[in-house]
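Accompanying notes for the structure given below.
The values are calculated or read from the model by the stated rules, or taken from the named source; none is laboratory data. On a predicted model such as this, the values are computed, not experimentally measured, just so you know. Every residue, glycine as well, gets a Cβ built from its backbone with ideal geometry; the counts of neighbours run over all protein chains shown. When the accessible area is computed, the model is the full protein with side chains, heavy atoms only, and any ligands, DNA or RNA have been set aside. Shrake-Rupley method; radii C 1.70, N 1.55, O 1.52, S 1.80 Å.
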Amino acid sequence: MALSPGTHPPLRVAVLGCGVVGTEVVRRLVTESDELAARVGARLELVGVAVRSLDAERDPVVDRALLTTDAESLVARADAVVELMGGIEPARTLVLRAIEHGASVVTANKALLAQDGPALYDAADAAGVDLYFEAAVAGAIPIVRPVRESLAGDTVQRVLGIVNGTTNYVLDSMTTEGLGLDQAVKEAQVLGYAEADPTADVEGYDAAAKAAILASLAFHTRVALDDVDRVGITALTADDVTWAERTGHVLKLLAVAERARAADGSEGVLVRVQPTLVPSDHPLAGVRGAFNAVFVEAEAAGELMFYGRGAGGAPTASAVLGDLVSVARHRVLGGKGPVESSHADLPVLDGGEARSRYQVRLEVDDRPGVLARVAAELAAQGVSIESVRQTLQGTGDDVSATLVITTHTAPERAVRATVDAVAALDVVRGVVSVLPVL
């Protein structure tokens with residue numbers, strides 16, 4: 001059913017936040033108003049833009065007459081609210097206030113959804129309005145809707161991917177340019193890929209929030225940020241990158257959510273974010289720069305990959321406007337979009353249950369019997385060795401060896417116990433790194 005924009009009253013749109021993404025959303029609402037109206041069946045009238053400061057410098061496309069610091073009053077007179085403030089508060093209060101007033105909400109706030117998603121979903125459902133968040137997970141990449149809707153009749157087994165463009169740019173620079181971690185982060189900051197404080201990215205918090213959202217959608221189970229096992233990239237070195245290349249891998253910060261079975265045989269969900277060695281011939285290994293990619297493995301559909309720009313004003317605004325058109329059409333034509341599905345209610349398993357191959361790099365004494373002693377500790381924990389590489393370094397009486405051991409698939413708990421036991425051997429000078437292998 002199509003409606004002429006002139007037959008339905010304009011829909012009042014409020015935008016909360018006017019940073020890079022907010023400015024681009026405003027730009028498209030202003031410059032593409034006729035096209036958007038034709039798609040929706042009603043005009044989208046921008047009634048205000050909430051900002052922290054009225055005096056800050058703005059892009060000329062933002063009409064200063066629309067700026068306000070009174071966000072609460074703004075959301076009370078909107079039919080649709082676009083939340084691009086970020087953070088938990090006041091975003092959470094404003095989103096709930098918008099829903100109470102009967103407004104549909106579009107948000108790109110992954111931290112808010114990962115922490116308070118269930119409360120927001122319940123509120124939207126009770127009020128009969130939409131809550132859309134495509135831009136919260138992977139920028140311009142359409143992944144929320146395919147997982148939530150297109151695969152609703154399938155059984156998703158695993159979702160994994162690169163969901164943080166900053167860390168992917170950093171690791172790619174370390175791989176291709178030979179930069180150290182600090183240098184690569186500074187370069188990312190200069191180019192605008194990383195914030196002045198890059199903690200949320202390099203420590204994996206951003207990716208963990210997105211992993212929680214994807215896991216909740218894929219497995220019809222409420223997964224919170226605190227349920228995600230998280231390891232960032234701050235401990236990685238140029239040497240780690242070099243060894244990854246030598247063994248036919250590329251280092252990536254991966255978000256992984258999968259169905260799994262605990263030791264007692266019960267089914268659950270595992271969700272983790274960690275630096276991972278990706279085989280060079282895997283599609284994710286070729287994801288360069290600040291791009292994102294999400295790989296979905298479903299029972300019937302098989303393997304699917306979604307790739308594109310994961311950040312930036314224009315790409316993220318594309319996802320936001322797509323959601324805005326959808327919620328606006330629902331208001332014009334009646335009905336609403338899909339609601340949260342948490343019927344499976346699977347338990348979130350402890351990270352120690354995760355099973356993977358691992359690459360363990362050790363510095364050891366160069367003398368007979370060392371490998372046998374290390375292998376004995378692995379065997380004691382039930383961890384078998386797939387391959388071993390050895391190189392020597394040093395001169396004279398101070399010669400040591402680097403052992404790079406790749407294990408067969410084993411529980412993370414067993415690998416960690418093995419590493420602790422190996423580290424205690426008098427012939428082991430240090431455990432240099434322990435990295436999962438995809």
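For region 36-98, rounded, prolate or oblate, judged on the Cα gyration tensor with a ≥ b ≥ c (square roots of eigenvalues), a/c < 1.5 rounded, else prolate if a/b > b/c?
Values: a/c = 1.97, a/b = 1.15, b/c = 1.71.
Cα axes put region 36-98 in the oblate bin.
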In straight Cα distance, which lysines are under 27 Å from K186, not counting same-chain residues fewer than 8 positions off? K110, K210, K252
Which sequence of Y307, Y193 reflects their accessible areas, 1.4 Å probe, from the largest down? Y307, Y193
Going highest first, how would you order 330-340, 75-85 by mean Cβ packing within 10 Å? 75-85, 330-340
Pair R355, A152: separation of 7 Å Cα→Cβ label points (nm): 3.3
R0 of 25 Å, Cβ-Cβ distance R52-D197: FRET efficiency to nearest 0.05: 0.90
Tell me, what is the 1.4 Å probe accessible area of D229, in Å² to the nearest 10? 70
With every protein chain in place, the accessible area of E24 for a 1.4 Å probe, in Å² rounded to the nearest 10, comes to 40
How about region 163-195: which GluC sites (Glu not before Pro) there lie in a loop by DSSP and see at most 10 other Cβ atoms within 10 Å? none
Taking the solvent-accessible surface of protein heavy atoms with a 1.4 Å probe, what is the per residue accessible area of region 296-438 in Å²? 47
In square angstrom, what is the accessible area per residue of region 162-252 with a 1.4 angstrom probe? 39
Tell me, how many Å apart are the Cα centres for region 312-370 and for region 110-139? 15
Hey, can you find the accessible area per residue of region 11-84 for me, probe 1.4 Å, expressed in square angstrom? 45
Apportionment of accessible area to carbon and sulfur, the chain, percent (1.4 Å): 49
In Å, the Kirkwood estimate of hydrodynamic radius for the chain over Cα pairs equals 23.5
Highest mean packing first, using Cβ neighbours within 10 angstrom, the peptides 152-163, 315-326 sort as 315-326, 152-163
Distance between the C-alpha centers of region 35-68 and region 147-194? Whole Å please. 31
Does region 105-169 come out rounded, prolate or oblate, given a ≥ b ≥ c as the square roots of the eigenvalues of its C-alpha gyration tensor, rounded meaning a/c under 1.5 and, failing that, prolate meaning a/b above b/c? oblate
Calculate, in nm to one decimal, what A421 and D366 gain on full extension: separation in residues at 0.36 nm each, minus their alpha carbon distance. 17.9 nm
